[in-house]
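Written out below as structure tokens is the structure these notes cover.
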């Protein structure tokens, strides 16, 4: 997943005429991507700090994604179809404390972008 999917999701939901949200740029996603790459190149169990660094950066991105989806649902609830609300509610429920799967997060970001793009959000 390219970091522009993350940035697109947050921009489409939070952009309001030049006012930006702190997590909207892709630097946070890039940091998580770098830590994920570092984690994959380390020996299993050899460096616990790498796992901590990835989880820390992942938590930040995951929380921004979760809050953006909640915010988008709140603002569009009256316009959204029931199937879209159900899908996004399920996605938000998946993003709990025990969720640390980067590939699934990338899939979630893509799914959320697909749902929200139907409602002509500006970015």
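Nothing in this text is a laboratory measurement; each read-out follows from the coordinates by a stated rule. Just so we're clear, the structure is a prediction, and the values are computed from it rather than from any experiment. Note: ideal-geometry Cβ built from the backbone for every residue, glycine included; neighbour counts use all protein chains shown.
Among the residues making up region 80-90, a single one is assigned to a loop (DSSP other than H, G, I, E, B) and either out of contact with any helix residue (DSSP H, G or I) (no Cβ under 8 Å at 6 or more places or on another chain) or surrounded by fewer than 18 Cβ atoms within 10 Å (Cβ to Cβ) (or both): 81.
Among the residues of region 108-123, those that are over 13 Å from residue 13 (Cβ atoms), part of a helix (DSSP H, G or I) and without any contact (Cβ under 8 Å) to a residue 40 or more places away in the chain comprise 111, 114.
Which of the residues that make up region 91-104 are surrounded by 12 or more Cβ atoms within 10 Å (Cβ to Cβ) and either assigned to a helix (DSSP H, G or I) or within 10 Å of the chain's Cα centre (by Cα) (or both)? Break it down into steps so the answer makes sense when it comes.
Filtering region 91-104 down to residues surrounded by 12 or more Cβ atoms within 10 Å (Cβ to Cβ) leaves 91-92, 94-95, 99-102, 104.
If the condition is that a residue be surrounded by 12 or more Cβ atoms within 10 Å (Cβ to Cβ) and either assigned to a helix (DSSP H, G or I) or within 10 Å of the chain's Cα centre (by Cα) (or both), then 91, 92, 94, 95, 102, 104 are the ones that fit.
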